[in-house]
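Since every read-out is calculated from the coordinates, none of them should be taken as a lab result. Since we're looking at a predicted model, the values are computed, not measured. As a convention, Cβ positions derive from the backbone with ideal geometry for all residues, glycine included, and neighbour counts pool all protein chains shown.
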Amino acid sequence: MTQTSESLDKKAILVVSFGTMYPDTRKACIESLEEKMGAAFPGYKVRRAFTSRMITRRLAERDGIIVDNERQALEHLWAEGFSEVYVQPLHIVAGEEYEKIRGIVNVYTDAKKFRRLELGRPLLYYMGQEARPDEPDDYLAVIKALDVSAGTDEAVVFMGHGGRHPANAAYAALQLKLQDAGMQNVFVYAVEGYPSLERVISQLKAASIRKVRLQPFMLVAGNHVRKDMDGDDKNSAKSVLTAAGFAVEIKRNSLGENPAIQDAYVRHIKDVMDKPAK
């Protein structure tokens, strides 16, 4: 397809997440963030894509809702004549799902289908090393956005997803960053992988913690939050912490509902826009 002078002015932001089956959290987290993107960049069309094929299939079958995956979304933008596209993932770390997006972006970049195609970074990426002053500390920005505090015998425990990908070491790095920021009673564990809930429990006991506020460190409050964190099963985090003797308070609000976290994603895409085109 040959781009016309009219198409050269067509710009888009593709907001990509794993996706969710829950309409309420989709609206509160993903739709609200897309609206913030649209307000921040009024000259850009904002589009949506989910990386989970299972979720896109079930949404179509159950609700008749069609959501593109990352490849379909880019193909549609190209077919519609967009020349400048910025892809912003809503993933927390640069893990398997982020690599999936980067892979398809590289395919379209190599094919030179767009005049400019750029990929933003996930929530936790740059660590603020002194040797790279041009790279902000994403971890510190997230810690400030969380704005959590706890009393001497209280703690906040965040539940992240985790997994086998090496990028999931970001959760352990976040724990260290929290300690560096003086937040000694704030802990992070991963449903899949490290740090484990058992490790956090041992730290809670060593600190003589009696009350725990349990919160998701995830974009949306989906199955992991409703079952693995707040479920009635004996293996849920709420049940395990209660059985260990802690008074547990549940806060279901996910990261995607936090305006300051939404602002962080907006900054990430702006950082890419401000860099010289490759």
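For the listed peptides 190-199, 53-62, a ranking on the average number of other beta carbons within 10 Å per residue, highest first, reads 190-199, 53-62.
Note on the range 77-184: Rg/Rh from Cα positions, Kirkwood definition for Rh, rounded to two decimals, is 1.08.
Counted by Cβ distance under 15 Å from Ala181, the other residues give a net charge of -2, where Lys and Arg count +1 and Asp and Glu count -1.
If you wrap a convex hull around the alpha carbons of the chain, what volume per residue comes out, as a whole number of Å³? Please report the intermediate quantities before stating the final value.
On the way: hull volume 36.9 nm³, N = 278.
In the chain, the Cα hull volume divided by residue count equals 133 Å³.
Take each peptide in 210-219, 253-262, count the other Cβ atoms within 10 Å of every residue, and average; sorted highest first, the result is 210-219, 253-262.
Each other residue within a Cβ distance under 13 Å of Ile261 adds +1 if Lys or Arg and -1 if Asp or Glu, for a net charge of -1. In this structure, the amide hydrogen of Ala190, modeled 1.01 Å from its nitrogen in the peptide plane, lies closer than 5 angstrom to those of Gly160, Ser196, Leu197, counting only residues at least 5 positions away or on a different chain.
Remark: the Ala173-Arg53 segment gains 40.2 nm on full extension, using 0.36 nm per residue and subtracting the alpha carbon distance. Just round it to a whole percent: the fraction of Cα-Cα distances in the range 147-253 exceeding 25 Å. Across the range 147-253, Cα pairs with separations above 25 Å total 12 percent. Stretched out straight at 0.36 nm per residue, the stretch from Gln184 to Val107 would grow longer than its current Cα-Cα span by 23.3 nm.
Between Arg62 and Arg210, the simple spin-label model (points 7 angstrom out along Cα→Cβ) gives 4.1 nm. The distance from the alpha carbon centre of the range 209-278 to that of the range 161-181 is 14 Å, rounded to a whole number.
Based on DSSP, what percent of beta bridges with both residues in the chain are antiparallel, to the nearest 5?
On the way: 1 of 33 bridges.
Once the DSSP bridges in the chain are tallied, antiparallel ones form about 5 percent.
Applied to the range 88-97, the Karplus parametrisation 6.51 cos²θ - 1.76 cosθ + 1.60 on θ = phi - 60° returns per-residue 3J(HN,Hα) values of 10, x, 9, 6, 7, 10, 8, x, 4, 5 Hz, with x for Gly and Pro.
Among the DSSP beta bridges whose two residues both lie in the range 14-140, what percent are antiparallel, rounded to the nearest 5?
Working: 1 of 12 bridges.
Taking every DSSP beta bridge with both residues in the range 14-140, the antiparallel ones total about 10 percent.
Close amide-amide hydrogen proximity is noted between Ile92 and Leu123, each under 5 Å apart and 5 or more residues distant or on a separate chain (H modeled in the peptide plane; Pro and chain starts excluded). Among Val188, Val248, Val107, the largest mean-square fluctuation in a Gaussian network model of the chain (Cα springs under 10 Å) belongs to Val107.
The residues packed around Asp63, meaning those with a beta-carbon under 12 Å from its beta-carbon, carry a net charge of +3 if Lys and Arg are +1 and Asp and Glu are -1. Take each peptide in 95-106, 234-245, count the other Cβ atoms within 10 Å of every residue, and average; sorted highest first, the result is 95-106, 234-245.
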